[in-house]
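S.K.: Structure incoming, see below.
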Amino acid sequence: MKSFTINQNDAGQRISKFVEKTVPALPNNLLYKYFRLKRIKLNKKRCQPQDKLQAGDLVELYINDEFFGEGRQDLAFLKVPSSLNIIYEDENIMLVDKKPGLVVHEDDNNTPDTLINRILHYLYEKGEYDPEQENSFVPALCNRIDRNTGGIVIAAKNAQSLRILNQKVKDRELVKLYLCLVHGVPEPKSATLKDFLLKDSSRNQVRIYRNQVPGSKTIITRYKTLETNGKLSLLEVDLKTGRTHQIRAHMAFYGHPLVGDTKYGTNAQNKGLGYSYQALYAYKLRFAFQTDGGILSYLDGREFCVENVPFAKEIAKR
């Protein structure tokens with residue numbers, strides 16, 4: 001039998017979810033069987049999978065040791081650098097400027113050097129995260145950015161902040177603006193584009209259509225031209241929908257692929273420009289809460305920006 005005292009980072013979740021995180025090797029069918037057999041107890045009493053945990057609760061698991069493995073804690077993140085480009089940090093969240101080329105989570109190649117692992121290492125060194133002191137919580141990212149796209153990524157340091165931010169992202173109460181450098185000069189200089197996107201997972205690529213086709217989803221992209229030299233244009237983009245490769249594919253569909261993007265542009269267009277990644281950056285974040293922000297209410301109305309986007313001054317140079 002193993003017992004766990006629920007802390008603030010464990011509180012607020014269903015006990016079934018807590019057990020899933022604490023004993024990941026336990027098959028789902030056994031999990032619910034053990035609830036029926038009273039081998040999972042809450043405060044010395046029988047409980048139901050949907051019961052919510054509170055700080056100070058006692059969870060007792062009468063589960064074979066084999067399901068716990070040799071140890072629940074994984075310190076693999078200590079093998080990666082702890083260096084980060086931090087835009088903002090407080091006791092609840094971090095805003096990190098992810099550079100192109102760094103993945104946010106482990107990919108199909110099990111790349112260990114990820115943004116989240118760097119964040120865990122950083123917080124471990126600061127004494128703000130210790131796996132040995134946590135039952136089920138691990139600091140987590142609240143948004144994702146493709147490997148070859150740079151920009152602001154939000155990390156939650158505690159469970160309450162994570163729940164709030166995940167809901168705010170879902171309800172679109174965070175405004176994320178992008179900068180991109182495109183070929184040509186969009187006409188009109190500013191517009192809201194509405195079309196349909198169909199994802200081809202086998203090729204990791206998408207296609208854009210004027211009219212809806214089976215399996216396609218609506219996309220809405222608002223852009224504004226900030227600067228142009230007749231050959232290249234710097235745009236600010238506000239995504240009203242967040243689909244895979246939306247900015248890259250949508251701008252290419254209208255004849256203005258991103259500089260450095262050979263998936264939706266061409267090698268010929270990019271020859272001699274010196275870009276190994278698409279010129280796309282999630283450069284600005286604004287907290288625009290429409291509902292109560294709880295412990296994060298102090299962030300409402302605040303805006304954060306990446307000061308030095310690599311390609312932002314490209315037009316002036318040419």
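S.K.: Of all residues in the range 182-198, which are touching a Leu at 6+ places or on another chain (Cβ under 9 Å), surrounded by fewer than 17 Cβ atoms within 10 Å (Cβ to Cβ) and hydrophobic (A, V, I, L, M, F, W, C)?
M.R.: VAL185 - this is the single residue of the range 182-198 that is touching a Leu at 6+ places or on another chain (Cβ under 9 Å), surrounded by fewer than 17 Cβ atoms within 10 Å (Cβ to Cβ) and hydrophobic (A, V, I, L, M, F, W, C).
S.K.: Please work out which residue is nearest to ASN204 (Cα to Cα), limiting yourself to the range 87-116 and to residues that are of a type in the set (S, T, N, Q) and surrounded by fewer than 17 Cβ atoms within 10 Å (Cβ to Cβ).
M.R.: ASN109
S.K.: Can you tell me which residue in the range 255-311 is surrounded by the most Cβ atoms within 10 Å (Cβ to Cβ), limited to those that are of a type in the set (A, V, I, L, M) and assigned to a strand (DSSP E or B)?
M.R.: In this case the residue turns out to be LEU280.
S.K.: For the condition touching a Phe, Trp or Tyr at 6+ places or on another chain (Cβ under 7 Å), closer than 24 Å to ARG147 by Cα and not assigned by TED's automatic domain parsing to the domain that holds MET94, what is the one hit in VAL206, VAL213, VAL259?
M.R.: After applying the criteria, what remains is VAL259.
Condition check ((1) surrounded by 14 or more Cβ atoms within 10 Å (Cβ to Cβ); (2) touching a Lys or Arg at 6+ places or on another chain (Cβ under 6 Å); (3) modelled with pLDDT under 95; (4) more than 26 Å from LEU102 (Cα to Cα)) across all residues:
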| position | (1), (2), (3), (4) |
| --- | --- |
| CYS180 | yes, no, no, no |
| ASP200 | no, no, yes, no |
| ASN204 | no, no, yes, no |
| SER216 | yes, no, no, yes |
| ILE219 | yes, yes, no, yes |
| LEU234 | yes, no, no, no |
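S.K.: So, one more: Of all the strands (runs of 3 or more DSSP E) wholly in the range 1-86, which have at least 2 residues that are surrounded by 17 or more Cβ atoms within 10 Å (Cβ to Cβ) and either within 23 Å of the chain's Cα centre (by Cα) or at pLDDT below 90 (or both)?
M.R.: none
S.K.: From the list GLY101, GLY56, GLY12, exactly one residue is of a type in the set (Gly, Ala, Ser), touching a residue at least 40 places away in the same chain (Cβ under 8 Å) and either touching a helix residue (DSSP H, G or I) at 6+ places or on another chain (Cβ under 7 Å) or within 22 Å of LEU165 (Cβ to Cβ) (or both). Which is it?
M.R.: Exactly one of GLY101, GLY56, GLY12 is of a type in the set (Gly, Ala, Ser), touching a residue at least 40 places away in the same chain (Cβ under 8 Å) and either touching a helix residue (DSSP H, G or I) at 6+ places or on another chain (Cβ under 7 Å) or within 22 Å of LEU165 (Cβ to Cβ) (or both), namely GLY12.
S.K.: Say we look at the range 118-156 and pick out the residues that are of a type in the set (D, E, K, R) and over 14 Å from the mean Cα position of the chain (by Cα); which of these is nearest to ASP261 (Cα to Cα)?
M.R.: Ranking the qualifying residues of the range 118-156, first place goes to ARG118.
S.K.: Ok, one more. In the same structural domain as TYR209 (by TED's automatic domain parsing) and either at pLDDT 95 or above or under 30 Å from ASN211 (Cβ atoms) (or both): which single residue out of GLY293, GLY265, GLY274 fits that description?
M.R.: Being in the same structural domain as TYR209 (by TED's automatic domain parsing) and either at pLDDT 95 or above or under 30 Å from ASN211 (Cβ atoms) (or both) holds for just one of GLY293, GLY265, GLY274, which is GLY265.
The values are calculated or read from the model by the stated rules, or taken from the named source; none is laboratory data. Bear in mind the structure is a predicted one, so any value in this text is a computation, not a measurement. For neighbour counting, all protein chains shown are included, and Cβ atoms are generated from backbone atoms with ideal geometry for every residue, glycine included.
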